[in-house]
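The values are calculated or read from the model by the stated rules, or taken from the named source; none is laboratory data. This is a predicted model, so every value here is computed, not measured. So basically every Cβ, Gly included, is an ideal-geometry build from the backbone, and we count neighbours across all protein chains shown. Just so you know, the surface numbers come from the protein's heavy atoms only, side chains and all, with ligands and any DNA or RNA stripped out. Shrake-Rupley method; radii C 1.70, N 1.55, O 1.52, S 1.80 Å.
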Amino acid sequence: MINLVRNEMLKLLRKKRLYVIVLIIAFLVPLFTYAQFKEIQDQREKLGNQDWRTVLQQEITDTQNRLSSSRIQDEWRKYLKIRLSQQQYYLENDIDPRAPGAPTFMRIFVENSIDLLLPLLVMVIVADLVSSEASGGTIKLLLTRPVKRWRILLSKYLAMLLSVSFIVLSVAVLSYGISGVVFGYGGWNMPLLTGFSVSGDELITDNVHIVPQWQYILMEFGLVWYVCVIVGTLTFMLSVLLRSTAAVMGIMLASLIAGAILANMVSSWESAKYFFMVNLNLTNYVSGMATPIEGMSLGFSMSVLAVWGIAGFIIAFVTFSKRDIY
Amino acid sequence: MSQSPALEVENLTKRIKGKQIIKGVSFTLFPGEVFGFLGPNGAGKTTTIRMIVGLISPTSGTIKIGGRNVRTDFTEAMRHLGCIVENPELYPFLTGWENLEHFAKMDPSIPKSRLQEVITLVGLSNRIHDRVSTYSLGMRQRLGIAQALLGRPKVLILDEPTNGLDPAGIREMREFIRQLAREENLSVLVSSHLLSEIQLMCDRVAIISKGSVIRTDSVQNLLAEQERVIWKAEPLPLAKQLLSEETEVTEGADGTLITLYNEPLLPDWNEKLVKGGVKVKEMRTQLPSLEDLFLEVTGGESID
């Protein structure tokens, strides 16, 4: 099996796909770094010549004032306390929350690329993994070896997992490495709030707690990897079913973009939450953004994705082992 | 032919969408034999071959390679088989060497030294480290054969091996196939739609039409029956009259007469014509075209 996976990796490398992916990321990261840099500058200008410590001190006083008010709900009080300790940490440790380091950039970058950019990159690698063998005719040589078909497909699937991991890893390394030039490489221990959940119109802050940024980022990258694997598995299935790589790309592209659009307009169509593409934005649950449809939670989205992924995996393997090849 | 068969195909059928594509094909290949699979395009040659190599599952029937059933014992059966189905499609973005290495790695029983052996055998040593996308069709064909020979198969299956080759390449391929059968005791199954090619390459031939084998025979027998003599003689009516006393004569186009080829009697016929005052200008033997052969064997059924 190791030899089979090695074969698949060799073919992937020779097709220079991974190389292209790295180039795309290496091109995009400086672009976003610059955008982020501009934004920070803009904010600074708005604040005028005020020192950020003064601004932060004002915010802290503000929070303290609200805490001392008697009409405040218990839940809300708890949240404000956590918020207060976060702000105090910034002040004590001399961290400007508006001048983030490379880890913060990294975090924002993956949060924004989890539902479209990264799935697209995964798709570019995976789309022709099987279909190119079918359209190039090499599948005839591949399947007339003394190796069972499911083993050949499994080797391709493992190669897919390796490449997806490689993509996620290069996003991490490149976004950290490149943006650090501008923002500095510090900020791993910056405290962040997580544990928000939304019920109806209410933000539930019961479980909110502070985690250091490195832990937060690790969590988010885990989710990003999970999303990429599921998208990869579905693309893989299409690549088995269809001979044409263009068709595979077309279908995946259409559903990913449809997902991005749907997420903005389906709040009243409840059963749309069972589509895999509206569930891709897993990092939103960590940062506490509102879900597109009521009743969605991290567990729910991960389960929906898992069901889609497992179904895709089974369909791919069953079709591939039984299909007649012409 | 006392050895056990290298490839046995028995009662093979394939039904696709309710249509019977292959209707009970059976044949046997013995070691050291080049077996031709002759039929027009669309007769079911490639479908049959794809079933033998395991790309298509048959609706019914059994295929045994080296005594192993392809359906129940796929891995062992495939170990004895090397094949090129249609064109030798290799990875164009890899070098010849990498292609071979790729396929060799898929069978752990192939030692690394085998690569150099097959490369020398097919004569690709000079260009083996170039990318396949720079290869000519002949070189790809040779690389295709090299990959088929990697696992020291007992059976080699070549689907239209001379397709697209130039005359020199066709001759080279022919000699190479004969040499493999002779020296390595390989059974080779060659499919073709050209009778002339099968005639020069094969020991035995199966003629396939509309999904059935209509005849299996040695090439010599088949040709002996079907070979014709074309006569050019003057005056034509007299020649025809004299010849028809001896054998069946048909009048060909452009003023020729056609009789069966009968080697022992041919000089007598010629003598009779000359004595009868006919000037024989030309006598030549001619292979029937595949079309004629088909009409003959199927008794007037058309190819499609």
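Over chain A, calculate the relative contact order: mean separation of alpha carbon pairs under 8 Å at least 6 apart, over the residue count, as a percent. Walk me through the numbers on the way to the answer.
Details: 367 pairs, mean separation 76.5, N = 326.
Relative contact order comes out at 23 percent.
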Here, chymotrypsin sites (Phe, Trp or Tyr not before Pro) of the range A:162-195 satisfying both criteria (DSSP loop; at most 13 other Cβ within 10 Å) are A:Tyr185
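Taking 2.2 N^0.38 Å as the expected size of a compact globular protein, what ratio does the Cα radius of gyration of chain A give against it, to two decimals? Walk me through the numbers on the way to the answer.
Details: Rg = 23.2 Å, N = 326, 2.2 N^0.38 = 19.8 Å.
This ratio for chain A stands at 1.17.
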Here the percent of antiparallel bridges among DSSP beta bridges lying wholly in the protein assembly as shown, to the nearest 5, is 70
Excluding residues fewer than 8 positions from B:Lys210 in its own chain, the lysines with Cα under 18 Å of it are B:Lys14, B:Lys17, B:Lys19, B:Lys23, B:Lys45
Highest GNM mean-square fluctuation among B:Pro108, B:Pro264, B:Pro153, for chain B with Cα springs under 10 Å, belongs to B:Pro264
The answer for the longest stretch of chain B without any exposed GluC sites (Glu not before Pro) (DSSP loop, at most 12 further Cβ atoms within 10 Å) is B:1-244
Rounded to a whole number, the Stokes-Einstein D of the range B:20-167 in µm²/s (Kirkwood radius over Cα pairs; 4 °C; 1.567 mPa s) is 79
Under the helix-only model (-39500 (n - 2.57) for each DSSP H run of 4 or more, divided by the residues of chain B), the mean residue ellipticity at 222 nm, to 500 deg cm²/dmol, is -10000 deg cm²/dmol
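Using the Cα atoms of the range B:228-286 to build a convex hull, what is its mean projected area in square nanometres?
3.4
Can you tell me, using C-alpha contacts under 8 Å and at least 6 residues apart, the relative contact order of chain B as a whole percent? Present the calculation step by step, with values, prior to reporting the outcome.
Working: 571 pairs, mean separation 61.1, N = 304.
It comes to 20 percent, rounded to a whole number.
What 222 nm value per residue comes from the helices of chain A, counting each DSSP H run with n ≥ 4 as -39,500 (n - 2.57) and dividing by all residues, nearest 500 deg cm²/dmol? Display every interim value, and only then the final one.
On the way: 13 runs with 230 residues, N = 326.
It lands at -24000 deg cm²/dmol.
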Once amide hydrogens are built 1.01 Å from N within the peptide plane, the residues lying 5 or more places from B:Arg71 or on another chain with amide H under 5 Å from its amide H are B:Ile63
Taking alpha-carbon centroids only, the range A:42-108 lies from the range B:113-154 a number of Å equal to 70
Over chain B, the quotient of the Cα radius of gyration and 2.2 N^0.38 Å is 1.19
Given unit charges at Cβ for Lys, Arg (+) and Asp, Glu (-), the dipole magnitude of the range B:228-286 about its Cα centre in debye, nearest 20, is 180
Pseudo-spin-label distance B:Lys281 to A:Ile2, built 7 Å along Cα→Cβ, given in nm, is 7.8
For A:Arg66 and A:Asn207, extending 7 Å from Cα along the Cα-Cβ vector and measuring point to point gives, in nm, a value of 2.3
For the protein assembly as shown, inverting the pair-averaged 1/r of distinct alpha-carbon atoms gives a Kirkwood value in Å of 30.2
Here the convex hull volume per residue of the range B:146-304, taken over Cα atoms and given in Å³, is 155
Log entry: pair-distance distribution for the range B:107-231, C-alpha pairs binned every 10 Å from zero, whole % per bin is 11, 37, 32, 14, 5, 1, 0
Looking only at lysines whose Cα falls under 29 Å of B:Lys240's and that sit 8 or more positions away or on another chain, we get B:Lys232, B:Lys272, B:Lys275, B:Lys279, B:Lys281
Dividing the surface of the Cα convex hull of the range A:238-326 by four yields a projected area in nm² of 6.6
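A plus B alone minus the pair: what accessible area, both sides summed, probe 1.4 Å, in Å² to 100? Let's see the in-between values first.
Details: alone 16790 and 15170 Å², together 29170 Å².
Buried surface at the A/B interface: approximately 2800 Å².
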Pairs over 22 Å Cα to Cα, from A:Lys11/A:Lys140; A:Lys46/A:Lys78; A:Lys273/A:Lys322, come to A:Lys46/A:Lys78; A:Lys273/A:Lys322
Note on chain B, DSSP bridge orientation, antiparallel percent to nearest 5 equals 65
One quarter of the C-alpha convex hull surface, i.e. the mean projected area of the range A:22-137 in nm², amounts to 11.4
